[in-house]
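K.L.:
So that we are looking at the same thing, I have put the structure below in C-alpha cells.
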Amino acid sequence: MVTNITSLSRTGLRDWLVQRVSAVVLAVYTVFIVGWLLYTETLSFELWHALFEQTWMRIFSLMALVSLVSHAWIGMWTIFGDYLNERALGKKALTVRFLSQALCGIVLFVYIAWGVQILWGL
Amino acid sequence: MSLQVSVYRYNPEQDSVPHMQDFTVEVPEGKDLMVLDVLALIKEQDDSFVYRRSCREGVCGSDGMNIGGTNGLACITPLSEAVRKEKLVLRPLPGLPVIRDLVVDMSLFYKQYEKVRPYLINDTPPPATERLQSPEERAKLDGLYECVLCACCSTACPSFWWNPDKFVGPAGLLQSYRFLADSRDTATEERLSDLEDPFSVFRCRGIMNCVDVCPKGLNPTQAIGHIRKMLLEKGS
Amino acid sequence: MSKIRTLTFDAIVIGGGGAGLRAALQLTESGVSAACISKVFPTRSHTVSAQGGITCAIASVDPDDDWRWHMYDTVKGSDYIGDQDAIEYMCSVGPQAVFELDHMGLPFSRTEEGRIYQRPFGGQSKNFGKGGQAARTCAAADRTGHALLHTLHQANIKSGTTFLNEWYAVDLVKNANGQVAGVIAIDIESGEVAYVKAKATVLATGGAGRIYASTTNALINTGDGVGMALRAGYMVQDMEMWQFHPTGIYGAGTLVTEGCRGEGGFLINGEGERFMERYAPNAKDLAGRDVVARSMILEIMEGRGAGPNKDHVLLKLDHLGEAELHAKLPGICELAKTFAHADPVKEPIPVVPTCHYMMGGIPTNIGGQALMQNAQGEDQIIEGLYACGEAACVSVHGANRLGGNSLLDLVVFGRAAGLQIKKSLEEGFDAIDANDADIEAAMVRLNRLNESSAGEKVADVRRDLQNIMQLNFGVFRQEDNMMKGLEALDALKGRLANLHLEDKSNIFNTARIEALELENLFEVAYATAVSALERKESRGAHARNDYQERDDENWLKHSLYFPVDKRIGRRKVNFTPKTMEAFPPQTRTY
C-alpha cells in the first residue's frame with residue numbers, strides 16, 4: 001500500500017470514482033448547455049440570464065464546477081507525480097512539485113469562489 | 001545472406017555513455033532464424049556482447065528486449081517480423097537501469113511482483129488430499145498463471161516508467177488478480193486493501209501497451225479492470 | 001582468511017529449479033539458515049519447460065489407482081536398474097508431495113469432481129501391467145513445469161528463503177577431512193568471487209543435455225553440479241543413460257509433450273502409417289520413450305521417414321479437434337506454430353528423437369546424501385554433499401525414465417534432501433573449516449581462465465564437443481563409433497585446457513560463465529563416453545548395435561565412473577523395497 005497525503009481522497013479507489021463521476025457530470029452539463037444553445041432560436045442576454053436565475057440551474061452549474069475542480073485536481077496531481085518527480089528533477093523535485101500543486105490548488109479555489117459569486121450574483 | 005544488426009552497447013567498466021554498434025551477421029537463406037540465434041552469432045564475433053537467455057522456446061522469460069522498437073522475447077521473434085528497413089535494431093528493455101549491453105537490472109520489477117504477495121494464502125488446515133476446485137473456478141486462472149515474468153509489459157508501460165517504485169505495473173497486477181481469482185485463496189480482503197491507494201493499481205491509465213507487447217498473448221489491462229471492479233464492490 | 005568474502009549458511013542449495021526450490025523451501029520452513037544459489041533468476045530454470053505433467057497415483061481419475069502399480073511401471077520402465085527402495089519411496093510419498101503443491105497454489109487442471117486432472121502417459125499401466133493403460137499424470141494444461149516452478153518460487157518468497165540469484169557456483173570447497181564445506185561462487189552482476197560456506201551443500205543443478213548438438217534442454221543445462229562433483233574426484237553413476245525424447249520438433253529441438261500422445265495423438269511415418277502398432281502392439285504410441293525413439297529411428301533408417309530428406313516422422317493431432325487441442329494442449333499449439341510453422345489443428349508436427357534427460361548423475365541415498373565407495377567397494381556418505389533432481393541418481397529412473405516421473409523426482413527428493421539435512425544438522429555436524437589452501441584449490445580453474453592470454457574460442461570447442469556426442473553417442477551406439485568419439489574427446493581435452501577468455505571484465509561477463517560451463521559439459525560428456533563404451537549390453541536408453549540383448553548376468557548393475565583414474569566400476573541395484581516384495585527382472589515389452 002503506497003500512501004500519499006496530497007491525493008484528493010487519499011485512496012486510489014475514491015479518486016478514481018470521483019474522476020469517473022465528475023466526468024459524467026461534466027459530460028451531461030456540456031451536452032445540456034450545447035443543446036440549449038442550439039435549440040434556443042434567438043439567443044439573448046435575457047434568455048441566458050433567465051436560465052441562470054433558476055435555482056436548479058445554479059445547483060446544476062455548481063455541481064459541474066465542483067466536478068471540474070475535483071477532476072482537474074486528480075488529473076493534475078497525477079501529471080505532477082509523473083513528471084515532476086525525483087527521477088526527472090532530482091532533489092528539487094519535492095519543492096517544484098509542492099509549489100506546482102499549491103498553484104494549481106489556488107487556481108482551482110479561485111474558480112470555485114468566483115463561480116459561486118457569478119452564479120448567485122453576490 | 002548478410003544481415004545488418006545494430007545493438008545497444010554499454011559496459012560500465014569501459015564506457016561513460018552507451019552507444020549503438022553495428023554488426024554484419026551471415027544468416028542462412030530460406031530459414032527464418034529467431035532473433036536469439038542472431039544474438040548467438042554476434043556473441044561468436046564478439047564475446048564481450050552480453051544478453052540473458054535460457055530456454056530458447058519462450059517459456060522462461062529471460063530474453064525480453066526491445067526489438068525494432070517493440071518489446072518481445074528474442075527466442076520466439078522471427079527475423080521476418082523483427083527486421084525493419086533491412087536492419088535489426090536491438091535495445092534493452094526500456095525504463096529499467098542497464099547493467100550491461102542488453103541486460104537490465106530487474107530488481108524493481110521483481111520488487112513489485114513480490115509486493116502483491118504472489119502466493120496462495122489460505123490459513124484453514126489443508127485437507128488430506130487436494131483442495132477441490134471446479135473446472136469453472138479453475139478456468140478463471142487461464143490467461144493469468146501463464147505469465148513468464150519477462151517484464152516486456154511493465155517496461156512498455158509509461159505509468160511504470162514514471163512510477164516503477166509505486167505502481168505495481170501490469171505484470172505484478174496480473175499476478176495479483178491470479179490469486180484474487182483463485183477459489184482456494186482466502187485473503188481477498190487483505191489483498192484488496194493493499195491495492196486501494198492511488199498508485200498500486202490506479203496509476204494504470206488504460207494505455208494497453210502491455211496487451212500489445214505480451215509475448216504470451218495475455219491481457220493485463222483486463223485483469224486490472226477486474227481488480228478495479230472488485231475494489232469497487234468491496235468499497236461500496 | 002583469504003582475500004575473498006565469505007558468506008556463511010547452514011545449508012546452501014545450488015540450483016533454482018524444481019528440486020533446488022523444493023529443497024530450499026523444506027529447509028527454510030524448518031528454520032534452517034539456507035540460501036539458494038542460482039545462475040539464473042529461479043523461474044528461468046529448465047523445470048519451466050516441462051509440459052505434460054507430474055506422474056503420481058493420487059487416485060483422482062481412477063479411484064482404485066495404487067502407488068504400487070506406479071512403482072511397477074517405474075521399475076519396468078527403468079529396465080530393472082532403478083533402485084526399488086528409492087522408487088518405492090518416490091511412488092508412496094508422491095501423493096503427499098503433489099497435494100502439498102496444490103496447497104501451495106499450483107493451478108492444476110481439474111476434473112468435474114474438482115479433483116486434479118490426470119492424463120495417460122507412456123509406460124503407465126493398471127494392476128501391475130495387467131489392467132491396461134492408466135491415466136496417472138497430474139497436469140496443469142500442458143504447462144505443468146511452468147506452473148510447478150512458479151508455484152515453488154512463490155512458496156519460497158512466502159517462506160522468506162534467501163536467494164543469491166545470478167550467482168554462479170564454480171567449484172566445491174573440500175576441507176582437510178575430505179568433507180564438502182561449501183562452494184566458490186561468482187556474483188555474475190558484479191563479478192565478485194566469494195566463498196559460500198555451508199555445512200550442507202546441495203547440488204540441484206539439473207541436467208546437461210547441452211552435451212548433444214540436438215537437445216530439448218535449455219541453453220543453461222550444462223551439468224554444472226556433475227562437473228563440480230567430478231572435478232572434486234567423486235564418482236558418478238549410470239552416465240551412459242541418456243533419454244532421447246521421441247518428439248522434439250524437427251530442426252529446432254524444442255519439446256512436444258508426450259501428453260500429446262496421451263491425449264490421443266499418434267506418430268505416423270512418411271507413408272502415413274501408424275508405425276508404433278508394429279513395434280508395440282499393446283501400448284502403441286505410449287510405450288516407453290526409449291522404445292518409441294528407437295522405433296522412429298528405425299523407420300527413418302529404413303527409408304520411411306517424412307519430408308524431402310525422409311529424416312523425420314510426423315506427430316498427428318488434428319483428429320482431436322480444435323476445441324480439445326486448445327483446451328488441453330494450448331502451449332503445444334503455440335510452440336508448433338512458432339518453431340515448426342505447423343498448426344496442429346490442421347497438419348501434423350514434424351518430430352525427431354532429441355536428447356532430453358540424463359538418467360545418470362551423482363549417486364545418492366534416499367535422503368539425497370551423495371555417495372562414494374570405500375576401498376572395499378561399499379557405499380560411503382560424502383559428508384556435507386547432497387544432490388537431488390536430474391543432477392542426482394537416486395536412482396529412480398534406472399536406464400529409462402518414464403514421462404512425468406522427473407517432476408515427481410524433483411519434489412519428492414528435493415523435499416527428502418531438506419528433511420535429511422535438518423535431521424543431520426540436529427544430530428550435529430562434526431565439520432571443520434576450510435583453510436585458505438582449500439579455498440585456493442577450488443579457485444584454480446577460475447584463476448587459470450582469468451589469466452589465459454591466447455587459445456581456443458569457447459564457441460568452437462563447444463560446437464565440436466556437441467557434434468562428437470551427437471554423432472557417436474546417440475540413440476544407437478556401437479564400439480567403433482564410440483572409440484572414435486572417445487579419441488576425439490581426448491583430443492578435445494587439450495583444446496579445452498587452452499581455452500581463451502578474451503573478455504576479462506567483471507560486470508555481467510557471460511563469456512566467463514560460458515567458458516566455465518563448457519568445462520562442465522566436457523566432464524559430463526567424457527563420463528558418458530567412458531561409461532557407454534564399458535556397458536556391453538542394450539538396456540533402456542542404452543542401445544548397442546554390437547550387443548543387442550540385455551545382459552542381466554553381468555549388467556543388472558549401476559555403472560560407476562571414477563574420474564581420478566577414469567575407471568568404470570559397478571554398483572549393486574537395490575532389490576529390497578521396505579514394504580513389499582521386489583519386482584524381479586522380466587522381459588520388457590509394451
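K.L.:
Of B:18, B:126, B:97, which has the largest mean-square fluctuation in a 10 Å C-alpha GNM of chain B?
P.N.:
Result: B:126 has the largest fluctuation of those listed.
K.L.:
Next up: Ranked by Cβ crowding within 10 angstrom, fewest neighbours first, how are C:162, A:78 ordered?
P.N.:
C:162, A:78
K.L.:
Write down the radius of gyration of chain C and its Dmax, each obtained from C-alpha positions, in Å.
P.N.:
22.6, 69
K.L.:
For a test of the definition: using alpha carbon positions, the gyration tensor, and the 1.5 limit on a/c, classify region A:12-120 as rounded, prolate or oblate. Write out the running numbers ahead of the final one.
P.N.:
Details: a/c = 3.03, a/b = 2.35, b/c = 1.29.
Prolate is the answer for region A:12-120, as a/c is 1.5 or above and a/b outweighs b/c.
K.L.:
Report the local net charge at residue C:569: Lys and Arg +1, Asp and Glu -1, summed over other residues whose C-beta lies under 13 Å from its C-beta.
P.N.:
Every neighbour counted, the sum reads +2.
K.L.:
Per DSSP H run of at least 4 residues, take -39500 (n - 2.57); add these up for chain C, divide by its residues and hand me the 222 nm value, nearest 500 deg cm²/dmol.
P.N.:
That calculation yields -11000 deg cm²/dmol at 222 nm.
K.L.:
Quick one: of C:130/C:284; C:337/C:457; A:91/B:115; C:493/C:572, which pairs are farther than 24 Å apart, Cα to Cα?
P.N.:
The pairs that break the limit, which is 24 Å between Cα atoms, are C:337/C:457; A:91/B:115; C:493/C:572.
K.L.:
Among C:9, A:98, C:266, C:476, rank each residue by its count of other Cβ atoms within 10 Å, from fewest to most, as a rough exposure measure.
P.N.:
By the 10 Å Cβ count, ascending, the order reads A:98, C:476, C:266, C:9.
K.L.:
Helix C:510-534: angle to the longest alpha-carbon principal axis of chain C, degrees 0 to 90, nearest 10?
P.N.:
The angle comes out near 60 degrees.
K.L.:
Rounded to the nearest 0.05, what FRET efficiency do residue C:471 and residue C:274 give with R0 = 35 Å and r taken as the Cβ-Cβ distance? Could you check?
P.N.:
0.70
K.L.:
Within 10 Å of each residue's Cβ, count the other Cβ atoms and sort B:159, C:92 from fewest upward. List each step's numbers first, then the result.
P.N.:
Numbers: B:159 24, C:92 19.
Placing the least packed residue first, the sequence is C:92, B:159.
K.L.:
For region C:71-123, which GluC sites (Glu not before Pro) pass both filters: DSSP loop (anything but H, G, I, E, B) and at most 13 other C-beta atoms within 10 Å? Show your work: numbers first, answer last.
P.N.:
Numbers: sites: C:88, C:100, C:112, C:113; in loops: C:112, C:113.
Here the sparse-neighbourhood loop sites are C:112, C:113.
K.L.:
Round to a whole angstrom and tell me the spacing of the C-alpha centers of region A:44-122 and region C:41-56.
P.N.:
Here the answer is 55 Å between Cα centres.
K.L.:
So what's the angle, to the nearest 10 degrees on a 0 to 90 scale, between helix A:12-39 and the longest Cα principal axis of chain A?
P.N.:
30
K.L.:
Follow-up. Give the residue from B:30, B:157, B:66 lying farthest towards the positive end of the charge dipole for chain B; charges sit on Cβ (+1 for Lys and Arg, -1 for Asp and Glu) and the dipole is referred to the Cα centre.
P.N.:
B:157
K.L.:
Between residue B:32 and residue B:124, with labels modelled 7 Å along Cα→Cβ, what's the label distance in nm to one decimal, could you check?
P.N.:
Using points 7 Å along Cα→Cβ, the separation is 4.9 nm.
K.L.:
Any chance you could run the full-extension gain for residue A:43 through residue A:99? It's 0.36 nm times the residue separation minus the Cα-Cα distance, nm to one decimal.
P.N.:
Between residue A:43 and residue A:99, full extension yields 15.9 nm more.
K.L.:
Of all GluC sites (Glu not before Pro) in region A:3-64, which ones are in loop regions per DSSP and have a Cβ with at most 14 other Cβ atoms within 10 Å?
P.N.:
On the way: sites: A:41, A:46, A:53; in loops: A:41.
Qualifying residues, ordered by number: A:41.
K.L.:
Evaluate the distance, in nm, between pseudo-label points positioned 7 Å from the Cα of residue A:24 and of residue B:19 along their respective Cα→Cβ axes.
P.N.:
The answer from the label model is 5.9 nm.
K.L.:
Can you name the helices of chain B, as whole DSSP H runs, whose Cα span along the helix axis is 20 Å or more and whose Kyte-Doolittle mean is not below -1.0?
P.N.:
B:220-235
K.L.:
Counting only other residues whose beta carbon sits under 12 Å from that of residue B:162, what net charge do I get with K and R as +1, D and E as -1?
P.N.:
Net charge in that neighbourhood comes out at +1.
K.L.:
Can you bin the protein assembly as shown into rounded, prolate or oblate? Criterion: square roots of the alpha carbon gyration tensor eigenvalues sorted a ≥ b ≥ c, rounded for a/c under 1.5, prolate for a/b above b/c, oblate for the rest. Intermediate results must be reported in sequence, preceding the final value.
P.N.:
Values: a/c = 1.95, a/b = 1.74, b/c = 1.12.
Note, shape of the protein assembly as shown comes out prolate.
K.L.:
Straight-line reach from residue B:87: which aspartates and glutamates have Cα under 18 Å away, leaving out those fewer than 8 places along the same chain?
P.N.:
B:22, B:26, B:29, B:32, B:37
K.L.:
Among C:99, C:350, C:530, which residue has its Cα furthest toward the positive end of the charge dipole of the protein assembly as shown, with +1 on Lys/Arg Cβ and -1 on Asp/Glu Cβ?
P.N.:
Result: C:99.
K.L.:
Can you pull out the trypsin sites (Lys or Arg not before Pro) in region B:57-90 that DSSP calls coil and that have at most 15 other Cβ atoms within 10 Å?
P.N.:
Taking region B:57-90 and a limit of 15 other Cβ atoms within 10 Å, the loop trypsin sites (Lys or Arg not before Pro) found are B:85.
K.L.:
What FRET efficiency do you get for residue C:128 and residue C:96 if R0 is 30 Å and r is their Cβ-Cβ distance, rounded to the nearest 0.05?
P.N.:
0.85
K.L.:
Rounded to whole Å, give me the distance from the Cα center of region B:69-118 to that of region C:476-525.
P.N.:
If we compute the Cα centre of each part, the gap is 31 Å.
K.L.:
While we're looking at this one, here's another question. What does the charge dipole of the protein assembly as shown about its Cα centre add up to, to the nearest 20 debye, if the Cβ of each Lys and Arg holds +1 and the Cβ of each Asp and Glu holds -1?
P.N.:
Working: 95 positive and 114 negative charges, 263 e Å.
Once rounded to the nearest 20, the dipole reads 1260 debye.
K.L.:
Take the alpha carbon gyration tensor of region C:358-513, find the square roots of its eigenvalues, order them as a ≥ b ≥ c, and report rounded if a/c is under 1.5; if not, report prolate when a/b exceeds b/c, else oblate.
P.N.:
Note, shape of region C:358-513 comes out oblate.
K.L.:
Once Lys and Arg get +1 and Asp and Glu get -1 on their Cβ, which of A:81, A:59, A:21 lies farthest toward the positive end of the dipole of region A:12-120?
P.N.:
A:81
K.L.:
Another question, if that's okay. On a 0 to 90° scale, report how tilted helix C:289-301 is relative to the longest principal axis of chain C, with both axes built from alpha carbons and the result rounded to the nearest 10.
P.N.:
70
K.L.:
Right, here's the next one. Report the longest stretch of chain B that contains none of the GluC sites (Glu not before Pro) sitting in a DSSP loop with at most 14 other Cβ atoms within 10 Å. Numbers along the way, then the final one.
P.N.:
Working: sites that count: B:13, B:29, B:86.
Segment B:87-236 is the longest.
K.L.:
Sticking with this one: Please compute the modelled spin-label separation between residue C:437 and residue B:234, points set 7 Å along Cα→Cβ, answer in nm with one decimal.
P.N.:
Once both label points are built, they end up 6.3 nm from each other.
Just so you know, all these numbers are worked out from the coordinates, no wet-lab data involved. A quick note: this is a predicted structure, and the numbers were derived from the prediction, not measured. For neighbour counting, all protein chains shown are included, and Cβ atoms are generated from backbone atoms with ideal geometry for every residue, glycine included.
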